[in-house]
Amino acid sequence: MLDIKQFWSKLTKSKPVGVHTEGELLEALDRSKLPQHLAIIMDGNGRWARRRGMPRGLGHRAGVEALRSTVKACSNLGVKVLTVYAFSTENWKRPRDEVNILMNLLIEYLQKEVDDLHRNKVHIQAIGCIHDLPQEAQVELKRATELTCKNNGLILNLALNYGGRVEILDATRKIAALLKQGECRLEDINEEFFGRFLYTGGMPDPDLLIRTSGEMRVSNFLLWQSAYTEFYVTETLWPDFSKAQLFKALLVYQQRERRYGALKS
Ligand code: FPP
């Protein structure tokens, strides 16, 4: 495997890091080695706003723009599943005003984007405890998911009121209920069986998890599914995460050797 310096010098020939155009990065991507499932922790909206002397809400609004462009790029590239962490089970601890801003941005995003996403064959899904979201958000989510449910393009999973531990507990409860009713046997419960009861049941595990803003935490995101996921952390704050940044992350991913605990082949 090339180390990152060798990789960059190979990619860039004579150019130093950071000066490639979006087009050059896109050109360098191997379309046959894209992640099937990309997950993103969109972090740093608040810091982005603070650095500009703006209220945090404007950071979140700028974050929606970065989401819009990332979804479009993933859809165009042919990524199969994109899961974005939009609101965690812990985010309710934020001030009520900020929670309201995030919920209103979600509603606005769905109202404005759904037709365009539908035209581009994006299949919108929501994962998390959706029934605890405000009524209006649930209505928009229902409309978006029903409208796009037959689309065969990018699956866009919006993780909302999502927590990895709660997801695992939910799956465990569902399986326990089946056991109790005699509808499954103890010996049926293996990793594949368990995975079917997660919110992501039927989807591949994430191949790549991107976290922006430099934080080195998994923050209760896709805990079961990320057992062998490749991690990519960038210092870039989420609102500044451009298509070029996405292509860079994908290029780095394409240099990784995935061994799943086995030895080098
Ligand atoms: C983390 O940044 C980000 C969130 C908690 C929310 C992510 C939301 C968006 C990108 C926009 C909303 C999109 C939809 C569809 C609702 P932070 O606020 O923790 O940033 P900080 O660590 O710099 O304070």
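Scan ARG61, ARG47 and give me the residue that is within 21 Å of ASN104 (Cα to Cα) and touching a Ser or Thr at 6+ places or on another chain (Cβ under 9 Å).
ARG47
Any chance you could count how many residues in region 191-215 are assigned to a loop (DSSP other than H, G, I, E, B) and out of contact with any Lys or Arg (no Cβ under 9 Å at 6 or more places or on another chain)?
Residues meeting the conditions: 9.
So which residues in region 32-61 are of a type in the set (A, V, I, L, M) and crowded, with 18+ Cβ neighbours inside 10 Å, if there are any at all?
Those that are of a type in the set (A, V, I, L, M) and crowded, with 18+ Cβ neighbours inside 10 Å: LEU34, LEU38, ALA39, ILE40, ILE41, MET42, ALA49.
Given the residues SER219, SER226, which is the only one that is within 16 Å of the ligand (Cβ to nearest atom), in a loop (DSSP other than H, G, I, E, B) and modelled with pLDDT of 95 or more?
Only one candidate qualifies: SER219.
Could you give me the residue pairs with C-beta distances under 6 Å whose first residue belongs to region 155-181 and is β-branched (Val, Ile, Thr), whose second residue is away from the ligand (no atom under 16 Å from the Cβ) and part of a loop (DSSP other than H, G, I, E, B) wherever it lies, and which are 6+ apart or on separate chains?
Here the result reads ILE168/TRP224; ILE175/PHE197, each pair linking region 155-181 to a residue that is away from the ligand (no atom under 16 Å from the Cβ) and part of a loop (DSSP other than H, G, I, E, B).
Rundown of residues vs (1) of a type outside the set (A, V, I, L, M, F, W, C); (2) out of contact with any strand residue (DSSP E or B) (no Cβ under 7 Å at 6 or more places or on another chain), yes/no style:
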position	(1), (2)
CYS74	no, no
PHE87	no, no
LEU105	no, yes
ASP132	yes, no
GLU146	yes, yes
ASN151	yes, no
LEU160	no, no
GLY164	yes, yes
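From (1) away from the ligand (no atom under 14 Å from the Cβ); (2) more than 19 Å from LEU156 (Cβ to Cβ); (3) modelled with pLDDT of 95 or more, pick out the condition that doesn't hold for ASP115.
If we test ASP115 against (1) away from the ligand (no atom under 14 Å from the Cβ); (2) more than 19 Å from LEU156 (Cβ to Cβ); (3) modelled with pLDDT of 95 or more, just (2) comes out false.
Take the residues of region 50-79 that are touching a residue at least 12 places away in the same chain (Cβ under 8 Å) and within 8 Å of the ligand (Cβ to nearest atom): which is farthest from LEU156 (Cα to Cα)?
ARG56
The values are calculated or read from the model by the stated rules, or taken from the named source; none is laboratory data. From a predicted model like this one, the values you see are computed outputs, not experimental measurements. Here Cβ is always computed from backbone atoms with ideal geometry, including for glycine, and neighbour counts include all displayed protein chains.
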